[in-house]
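Colleague: Can you read through this structure? Questions will come right after.
Rule-based calculations on the coordinates, nothing more; no lab input. No experiment lies behind these values; they were computed from the predicted model shown. Positions of Cβ are backbone-derived with ideal geometry, glycine not excepted, and every protein chain shown enters the neighbour counts.
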Ligand code: C5P
């Protein structure tokens, strides 16, 4: 059964933790991204862990292998249950990330998942600033196959690509899909969007949803409606 991850894109810890409290008993995962982590740092991760949530630290590391290894090690020591890097960083960076994950994991502790971002779901055809760029979905598939070869646990991709990625990389290779929009919601800056039902039917393991929940009038109800749609589809 796919799991719901709520993107806490807030400017401060107080608003993020208030939203997390309002969502207790709904989604098992909270996602801390660049805006929140840059403003508040590690304390927001520990605060969410204390509330009993699993935390996806979405900082999309992309740097030289030594730096990424240290960053993943630190993220794992902080208590993140899932972290990510960019697939475009290549093999040495990916293997360094896995080494950092192993170094940060305590004996007996379940190692966190390390995922590779393939193509951002906000990028459509023509958005990649490269001449004769392949279609985003083809590029995502290619990067996913390579991420699997490099030993990563899965990828961040659009729901539009999950079936092909699972077909090429196997069911055990995790697919986490942002760009989820219930049929009635606005796409905003996202381009390659799918509904919660569509993402579950295509085999996605984790659905990341931000604004359709966090900007809803009643976030708890919005989250439960999405979980209901996910259950019916699964
Ligand atoms: O508000 P919305 O549902 O669009 O939020 C999606 C979240 O997923 C954002 O926090 C964004 O940073 C993140 N994300 C994404 N596409 C990726 C990776 C992460 O939208 N490829």
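Colleague: May I ask you to order 152-165, 20-33 by the average number of other C-beta atoms within 10 Å around their residues, highest value first?
Modeller: 152-165, 20-33
Colleague: Going by average Cβ density within 10 Å per residue, which order do the peptides 122-135, 101-114 take, highest to lowest?
Modeller: 101-114, 122-135
Colleague: Moving on to the next point. With a cut-off of 8 Å between alpha carbons and a minimum separation of six or more residues, what is the relative contact order of the chain in percent?
Modeller: With pairs under 8 Å counted, the relative contact order is 20 percent.
Colleague: Follow-up question, since we're still on this one. Would you compute, from DSSP H runs of 4+ residues alone, the mean residue ellipticity of the chain at 222 nm, taking -39500 (n - 2.57) per run and dividing by the full residue count, rounded to the nearest 500?
Modeller: So the helix-based figure for the chain works out to -12500 deg cm²/dmol.
Colleague: Per q in 0.15, 0.17 1/Å, what log10 I(q)/I(0) does a Debye calculation on the alpha-carbon atoms of the chain return?
Modeller: -1.01, -1.31
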